[in-house]
Amino acid sequence: MKDFIKACFLVAYRDLRRFWKFKHWLAAQLAMNLADVVIFALVLNNMVNRDYIPDYVKFMSTGVLAIATFASAFSIGREVGGEMRREVHHYLLSLPAPRAALAAGRFIGGALRGLVYQLAFIVLNLLVVGVPGPVQALAIAYTSLLFSLSMSALAIAVVSSTRDFNLQSTFRALIYYTLFFFSNVFYPKELISLRFPGPLAAVVTHAPISRAAEVYRWGFGYYQSLDPMALPEVTLWAIILLAVAALLYTRNLSRQ
Amino acid sequence: MLAVSAAVKIVDFVKKFGDTVAVDGLNLEIYEGEIFGLLGPNGSGKSTTLLTIATVYKPTSGDIYVFGRSVTREGDEVRKYVGIAFQEPKAMWVDTLYELLLWHARVVGYSSAEAKSAVRDAMERLNLWEHRGKQFYQLSGGTRKKLEIAKVLIQRPRLAIFDEPTAQVDVITKHALWDVIRELRQEGSTVIVATNDMFEAERICERLAIMYRGRLGALGTVRELKDRIPGGDVVEIGYEGSREEVERAVSRLPSVGRYVLEDNRLIAYLNRGEEKAAEIVSLLTSAGVKVKRIMVQEPTLDDVFFYFTGARLREENQDVALNRGATPWAR
Ligand SMILES: Nc1ncnc2c1ncn2[C@@H]1O[C@H](COP(=O)(O)OP(=O)(O)O)[C@@H](O)[C@H]1O
Ligand SMILES: [Mg+2]
């Protein structure tokens with residue numbers, strides 16, 4: 001057990017440490033996330049219907065917190081994919097570490113990227129939206145942890161399913177944009193159901209990013225109440241995604 | 001658990017990649033504490049075998065036991081014993097040399113403080129220290145190979161595997177590696193070296209296996225393998241005397257297969273040349289032929305390699321040599 005935890009820690013540390021090396025990626029990501037807040041919020045603030053969105057700046061900055069966490073945790077997929085293509089995973093497989101520790105360490109490494117990167121946006125929300133109470137803070141932390149773990153695991157499972165660079169990028173982009181657009185980050189579900197009647201609004205509501213954004217909106221005090229299903233669904237998503245990803249990644253790693 | 005005198009026991013090992021049969025029914029035992037050489041042309045299945053020993057690949061059928069532990073069923077245990085320097089260096093392209101090795105040291109069990117000094121020692125020994133801040137993608141091919149060697153040097157595993165470690169590296173590094181290998185053996189490690197460098201194989205390996213098309217072509221010490229080439233040794237004797245006497249003397253020695261007589265020289269193709277040379281000389285002397293010069297040439301490991309992997313090529317070459325010697329006018 002001690003060996004397992006140590007291996008997990010080292011594998012996670014390896015991925016977290018490398019995160020800072022992609023300075024251009026980080027800068028671009030940060031610029032994009034901030035631009036989302038600035039452009040959407042400031043420009044649209046007076047154009048959108050106040051009945052639906054009382055304050056678009058607050059709405060967006062909580063939403064972007066979810067997007068930022070998602071994008072940074074998901075970024076681990078790019079490197080795991082690159083490793084698979086260059087057979088760096090052969091090195092990992094040869095190390096004196098249990099296979100499950102490799103997978104768990106990777107998931108945690110990606111999740112830590114999400115958590116570290118999100119700190120900037122937590123600060124933004126503290127400044128722009130409000131300061132959470134202790135219960136809210138706990139909910140924010142819990143959601144952030146599970147949400148970034150799920151997204152990291154999802155990214156890893158998706159890219160490891162092929163060695164083909166084009167397929168990897170396609171899968172990654174497909175999942176990324178699907179999750180990105182089928183969320184309530186940019187528009188609340190009331191607006192979405194107005195525009196797209198039918199099941200789409202419901203799907204969007206239960207999507208993992210939407211659920212995380214909702215907890216954040218309540219946590220920082222933008223919403224007064226929280227859907228009682230929000231936290232259980234965050235938990236459920238994490239359990240499902242982690243289980244499936246652990247299975248896929250360990251299988252894909254040692255396919256040969 | 002199997003008997004532990006075998007460091008590695010390969011049993012009916014088959015490995016297929018799709019339709020490609022990389023290894024086709026290999027049986028081989030590598031003894032504890034020996035330096036074992038794995039030879040074979042490109043694509044003969046050396047790397048595949050080594051990677052399966054290191055639990056990177058899974059056997060398609062058969063099994064491999066490392067210190068009695070099965071790679072298919074006890075991978076976690078096997079990995080505790082094995083360290084491998086890959087043929088193709090493998091690392092994340094943005095990590096620096098120092099980071100890579102420091103992390104490696106931690107994973108193979110060093111504490112944080114011990115890791116630093118172990119890494120520095122290994123890097124200095126292989127002349128890597130000056131490159132420590134370079135990212136992997138900036139390193140030359142040779143430096144990348146040194147990184148692989150450094151990993152094993154730091155790890156000091158019970159079973160150390162080097163997959164073509166000296167391809168691309170300079171002479172100084174080659175000697176440093178050979179020192180490392182001998183040192184590991186001194187400490188009780190078993191070492192497997194895949195190589196295409198015959199000089200290296202002859203110099204450091206105690207036993208050799210020659211693989212050919214996924215199968216075992218030959219197995220034994222360098223001496224044994226050389227002796228197994230029929231007519232592999234060349235004994236050349238310069239004499240003064242009658243040609244007929246020489247022919248009669250040589251025909252009394254059944255172990256001399258092919259021979260050539262020309263310009264008062266006897267050139268015989270046989271095995272265990274050193275011993276046979278003495279016999280030939282005493283026969284000739286007692287027949288009244290005066291022996292003036294003796295030269296014994298044993299086959300090189302190149303010859304061994306050719307013989308066990310492409311014997312036809314070697315025989316053709318020999319025939320050319322024979323024809324030229326016997327009937328120079330025929331050309
Ligand atoms: N990962 C792989 N996927 C498909 N074929 C492979 C793979 N690894 C090796 N092979 C094939 O298996 C055969 C043996 O290769 P290898 O073990 O690398 O030989 P060697 O190390 O002796 O040069 C070759 O035909 C090679 O193309
Ligand atoms: Mg090879």
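The values are calculated or read from the model by the stated rules, or taken from the named source; none is laboratory data. A quick note: this is a predicted structure, and the numbers were derived from the prediction, not measured. No Cβ is skipped: glycine too gets one built from the backbone with ideal geometry, and neighbour counts run over all protein chains shown.
From (1) in a loop (DSSP other than H, G, I, E, B); (2) within 20 Å of the chain's Cα centre (by Cα); (3) crowded, with 18+ Cβ neighbours inside 10 Å, pick out the condition that doesn't hold for B:K90.
It is condition (2) that B:K90 fails.
Can you tell me which residue is nearest to the other protein chains (Cβ to nearest Cβ) among those in region B:1-20 that are in a strand (DSSP E or B), more than 8 Å from ligand 1 (Cβ to nearest atom) and surrounded by fewer than 23 Cβ atoms within 10 Å (Cβ to Cβ)?
Per the stated criteria, the residue is B:K16.
Can you tell me which of B:R120, B:R79, B:R132 is in the same structural domain as B:V21 (by TED's automatic domain parsing), away from ligand 2 (no atom under 16 Å from the Cβ), within 23 Å of A:L102 (Cα to Cα) and of a type in the set (K, R)?
Result: B:R79 is the single residue among B:R120, B:R79, B:R132 that is in the same structural domain as B:V21 (by TED's automatic domain parsing), away from ligand 2 (no atom under 16 Å from the Cβ), within 23 Å of A:L102 (Cα to Cα) and of a type in the set (K, R).
Count, please, the residues in region B:239-270 that happen to be in a strand (DSSP E or B), surrounded by 12 or more Cβ atoms within 10 Å (Cβ to Cβ), of a type outside the set (S, T, Y) and in contact (Cβ under 8 Å) with a residue 40 or more places away in the chain.
4
Wholly within region B:103-220, which helices (runs of 4 or more DSSP H) include no fewer than the required count, namely at least 3 residues that are within 14 Å of chain A (Cβ to nearest Cβ) and crowded, with 22+ Cβ neighbours inside 10 Å?
B:141-155
Against the conditions (1) of a type in the set (A, V, I, L, M); (2) within 15 Å of ligand 1 (Cβ to nearest atom); (3) in contact with a Cys (Cβ under 9 Å, 6 or more places away or on another chain), where does B:I35 fall short? Just the number, please.
The number of the failed condition is (2).
Kindly indicate which of B:R215, B:R182, B:R156 is within 16 Å of ligand 2 (Cβ to nearest atom) and either farther than 23 Å from B:T309 by Cβ or in contact with an Asp or Glu (Cβ under 6 Å, 6 or more places away or on another chain) (or both).
Selected residue: B:R215, the only one of B:R215, B:R182, B:R156 that is within 16 Å of ligand 2 (Cβ to nearest atom) and either farther than 23 Å from B:T309 by Cβ or in contact with an Asp or Glu (Cβ under 6 Å, 6 or more places away or on another chain) (or both).
Every residue in region B:53-84 that is among the small types (G, A, S) and either within 10 Å of another protein chain (Cβ to nearest Cβ) or assigned to a loop (DSSP other than H, G, I, E, B) (or both), please.
Answer for region B:53-84, where residues must be among the small types (G, A, S) and either within 10 Å of another protein chain (Cβ to nearest Cβ) or assigned to a loop (DSSP other than H, G, I, E, B) (or both): B:A54, B:G68, B:G75, B:G83.
Does at least one position in region B:5-21 carry a residue that is out of contact with any Cys (no Cβ under 6 Å at 6 or more places or on another chain), at pLDDT below 95, more than 26 Å from A:H89 (Cα to Cα) and more than 16 Å from ligand 2 (Cβ to nearest atom)?
yes
Inspect region A:100-121 for any residue being surrounded by 19 or more Cβ atoms within 10 Å (Cβ to Cβ), within 10 Å of chain B (Cβ to nearest Cβ) and part of a helix (DSSP H, G or I) and give the result as yes or no.
Yes: one or more hits.
Got at least one residue in region A:122-136 being small (G, A, S) and either part of a helix (DSSP H, G or I) or at pLDDT 95 or above (or both)?
Restricting attention to region A:122-136, the residues satisfying the condition of being small (G, A, S) are A:130, A:133.
Keeping just the survivors that are either part of a helix (DSSP H, G or I) or at pLDDT 95 or above (or both) gives none.
The answer is no; no qualifying residue exists.
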